[in-house]
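Single-structure report; data block below.
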Amino acid sequence: MAKTHTTRYDVTEHLRTPEEMAAYLEACLEEANGDAAFIAKALGDIARAKGMTQVARDAGLSRESLYKALSGDRSPDFDTILKVVAALGIKWRFTIDLPPAA
């Protein structure tokens, strides 16, 4: 009987284009349910796909601190998130869901 060989799934292998990165981040935002560390991890995945060294340089942060901040083990400061978002070229867009008129 042949043995099955498995490899660890790495989402960064599937984040090749800006459109894929945007779709991934949108999906993570919908699934996060208020979990800031989950969003930080998603940003970390995108940063790894783009190249963590360059993202750290563009964000004005050390590579090591960026890995820690975006590991998903903790919620980074919002200031760090803003720097990473800018370094990744992400543009924010917000909408408000209003309750139906009575």
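The values are calculated or read from the model by the stated rules, or taken from the named source; none is laboratory data. Small disclaimer: the values here were computed from a predicted structure and weren't measured. Cβ sites come from the backbone with ideal geometry, for glycine too, and all protein chains shown count toward neighbours. Accessible surface areas use protein heavy atoms only, side chains included; no ligands, DNA or RNA. Shrake-Rupley method; radii C 1.70, N 1.55, O 1.52, S 1.80 Å.
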Whichever lysines have a C-alpha closer than 29 Å to that of residue 41, once near sequence neighbours (fewer than 8 apart) are set aside = 50, 68, 83, 91
Projected onto the charge dipole of the chain (+1 at Lys/Arg Cβ, -1 at Asp/Glu Cβ, origin at the Cα centre), which of 72, 95, 51 gives the Cα projection farthest towards the positive end?
-> 51
Tell me the chymotrypsin sites (Phe, Trp or Tyr not before Pro) within segment 9-85 that lie in a loop according to DSSP and have at most 13 other beta-carbon atoms within 10 Å.
-> 9
Relative contact order computed over the chain (Cα-Cα under 8 Å; 6+ residues apart), in percent = 24 percent
Based on the alpha-carbon gyration tensor of the chain and its eigenvalue square roots a ≥ b ≥ c, which shape applies: rounded if a/c is under 1.5, prolate if not and a/b is larger than b/c, or oblate?
-> oblate
Would you mind working out the accessible area per residue for the chain, using a 1.4 Å probe, and quoting it in Å²?
-> 76 Å²
If you look at just the Cα atoms of segment 1-61, how large are its Rg and its Dmax in Å?
-> 14.5, 53
Filter the trypsin sites (Lys or Arg not before Pro) in the chain down to the DSSP loop ones having no more than 13 other Cβ atoms within 10 Å, then list what survives.
-> 3, 8, 16, 74, 91, 93
Pop out the carbon and sulfur fraction of the accessible area of the chain as a percent, whole number, probe 1.4 Å.
-> 54 percent
